[in-house]
């Protein structure tokens with residue numbers, strides 16, 4: 001069994017517990033590759049770890065399982081590195097909430113044992129992609145959580161026209177618009193009033209950010225929908241973010257957003273359902289009078 005390990009480089013105290021992960025891997029005779037930047041970080045922090053078989057310097061790597069050690073943000077970055085390779089991702093939560101991460105540091109030995117015995121469960125998560133009429137993006141145009149179109153920091157609100165399947169057009173005057181997958185429904189989309197959606201639902205959501213009109217509300221569409229977006233802005237440009245990776249676009253750049261031709265495999269903790277995660281991490285449905 002070969003693992004590819006990616007990690008958070010900004011949480012020194014929490015990263016020290018990664019020693020448990022290395023122990024769990026080596027005790028079973030498995031091997032691992034590690035991301036170059038995370039490898040350098042662990043060396044700088046004097047964290048002991050066994051010699052990796054390989055240092056990952058780009059996205060051309062092979063593994064049976066990719067491990068993301070950090071929070072949901074780390075897992076999203078890991079997903080962009082894995083891309084369309086059929087490599088399942090295990091998220092180990094060393095962050096705060098962690099809706100995408102399957103397990104905690106305390107359960108590392110148990111989950112690595114299940115992976116080693118090939119007795120783990122995966123979920124297929126929807127990926128969305130963006131393309132343009134006139135340019136190419138610098139980074140990957142794919143997102144596991146959301147693609148957000150936003151105004152620049154201090155500019156006025158922007159006007160977004162979203163055309164659904166070439167027919168119906170919705171106009172938003174707002175600070176931006178979030179197109180989210182079910183995985184992203186508990187992220188940025190939730191913070192602007194978007195609905196919570198179970199990961200297996202075949203839908204996408206469009207949620208405006210700080211809309212000028214009170215009657216602008218999130219809408220849920222079939223995930224086979226093609227969404228075309230044009231933007232008007234006083235500054236002449238706008239931002240697009242793929243799971244937090246920002247790029248600047250000219251307002252003449254029109255976007256097409258749709259479901260990607262592949263899905264992301266995420267290893268799921270079989271003892272915790274999505275609803276249980278909501279109840280534990282958001283206190284969802286809890287009566288505070290109890």
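In table form, for the structure just shown:
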read-out	value
Pair list, Cβ < 6 Å and 6+ apart or interchain, from region 132-154 residues that are outside the structural domain of residue 231 (by TED's automatic domain parsing) to residues that are in a loop (DSSP other than H, G, I, E, B) and modelled with pLDDT of 95 or more	none
Some residue of region 216-235 being closer than 30 Å to residue 69 by Cα, at pLDDT 95 or above and surrounded by 13 or more Cβ atoms within 10 Å (Cβ to Cβ)	yes
All positions within region 45-72 that are surrounded by 12 or more Cβ atoms within 10 Å (Cβ to Cβ), closer than 22 Å to residue 184 by Cβ and either modelled with pLDDT of 90 or more or in contact with a strand residue (DSSP E or B) (Cβ under 7 Å, 6 or more places away or on another chain) (or both)	66, 67, 68, 69, 70, 71
So residue 128, is it at pLDDT 95 or above, more than 16 Å from residue 238 (Cβ to Cβ) and outside any loop (DSSP other than H, G, I, E, B)	yes
Matching option when the condition is buried (at least 19 other Cβ atoms within 10 Å of the Cβ), at negative phi, at pLDDT below 95 and in a loop (DSSP other than H, G, I, E, B), among 42, 90, 100, 21	100
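The values are calculated or read from the model by the stated rules, or taken from the named source; none is laboratory data. Computed from a predicted structure; not experimentally measured. Cβ sites come from the backbone with ideal geometry, for glycine too, and all protein chains shown count toward neighbours.
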